[in-house]
Amino acid sequence: MRGLRRTFPSGASAVVFGAAHGTTSTRIAGMRTGWLRVVTLGLMATLVSGCTVLNSVMTSSGSPAPPAGPYEPIRRGGGLLFVAGQLGTRDDGTLVAGGVQPETRRALEKIKALVESEGSTMDRVVKCTVFLADIAEWDAMNVEYAKFFPGRKPARTAVGGIGIPRMGRVEIECIAAVE
């Protein structure tokens, strides 16, 4: 099957194929994906080419907070801040007690500190992804989540039934606009 190759500014490329019934699929590095994933990958490839690592990550106590793994807690790409998934952990890495609500509150406090450390605010968060260990905790998570977005809410995806690092109940990542 022939396809149209699309090369992004970062150097990444994809091949888009026409499929039956007017749908479109894509093959990237041998992986078949849907058209929405192509748009997302294209956006990410374009943004990543201009990403910079930000070095002002701080804990709530004001000391540097190293990531728990081989990643950066926050990156800037274009006019956006990409905040890596945050758990409901204390500065020492241990989970806060009490389950999904305290963990949601703590994860969002950490996101707020990261976003504000780079000159943005929670009202400029445009997208969040929430990972829940149990989707049945959706309502309890929403109680705390809503407190951090009293005005216009960001777009959001929530995924349940997955393993959260450190046996947590929730992990939240977000994208925020920055000037």
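The values are calculated or read from the model by the stated rules, or taken from the named source; none is laboratory data. Computed from a prediction, not measured in an experiment: that's the story for all the values here. Note: ideal-geometry Cβ built from the backbone for every residue, glycine included; neighbour counts use all protein chains shown. For the accessible areas, the whole protein counts, side chains as well, though only heavy atoms, and no ligand, DNA or RNA atoms are used. Shrake-Rupley method; radii C 1.70, N 1.55, O 1.52, S 1.80 Å.
All but one of (1) free of Cβ contacts under 8 Å to residues at least 12 places away in the same chain; (2) under 17 Å from the mean Cα position of the chain (by Cα) hold for ASP139; state the number of the condition that does not hold.
Evaluating ASP139 over (1) free of Cβ contacts under 8 Å to residues at least 12 places away in the same chain; (2) under 17 Å from the mean Cα position of the chain (by Cα) leaves (2) as the failure.
Any chance you could count how many residues in the range 120-156 are of a type outside the set (Asp, Glu) and open to solvent by 60 Å² or more (accessible area, probe 1.4 Å)?
11
Please determine, by comparing only the residues of the range 157-179 that are open to solvent by less than 30 Å² (accessible area, probe 1.4 Å) and either without any contact (Cβ under 8 Å) to a residue 12 or more places away in the chain or under 17 Å from LEU81 (Cα atoms) (or both), which one is nearest to the chain's Cα centre (by Cα).
CYS174
State all residues of the range 95-119 that are surrounded by fewer than 18 Cβ atoms within 10 Å (Cβ to Cβ) and in contact (Cβ under 8 Å) with a residue 60 or more places away in the chain; if no residue qualifies, say none.
GLY99, SER117, GLU118, GLY119
Does ALA176 satisfy the criteria of being in contact with a Leu (Cβ under 8 Å, 6 or more places away or on another chain) and among the small types (Gly, Ala, Ser)? Walk me through it before giving the result.
Details: in contact with a Leu (Cβ under 8 Å, 6 or more places away or on another chain): yes; among the small types (Gly, Ala, Ser): yes.
Answer is yes for this residue.
Test each condition in (1) touching a helix residue (DSSP H, G or I) at 6+ places or on another chain (Cβ under 6 Å); (2) hydrophobic (A, V, I, L, M, F, W, C); (3) assigned to a loop (DSSP other than H, G, I, E, B) for ALA97 and report the one that comes out false.
ALA97 satisfies all of (1) touching a helix residue (DSSP H, G or I) at 6+ places or on another chain (Cβ under 6 Å); (2) hydrophobic (A, V, I, L, M, F, W, C); (3) assigned to a loop (DSSP other than H, G, I, E, B) except (1).
With respect to the numbered conditions (1) of a type outside the set (Lys, Arg); (2) at pLDDT below 95; (3) at positive phi, which one is the sole condition not fulfilled by GLY99?
Unmet for GLY99, out of (1) of a type outside the set (Lys, Arg); (2) at pLDDT below 95; (3) at positive phi: (2).
Go through the range 113-122 and report how many residues are outside any loop (DSSP other than H, G, I, E, B), touching a strand residue (DSSP E or B) at 6+ places or on another chain (Cβ under 9 Å) and not polar (S, T, N, Q).
Total satisfying the criteria: 4.
Can you name every residue in the range 70-86 that is of a type in the set (Gly, Ala, Ser) and touching a helix residue (DSSP H, G or I) at 6+ places or on another chain (Cβ under 7 Å)?
Residues satisfying the conditions are GLY77, GLY78.
Assess whether ARG76 counts as being touching a Ser or Thr at 6+ places or on another chain (Cβ under 9 Å) and surrounded by 15 or more Cβ atoms within 10 Å (Cβ to Cβ).
Yes, satisfied.
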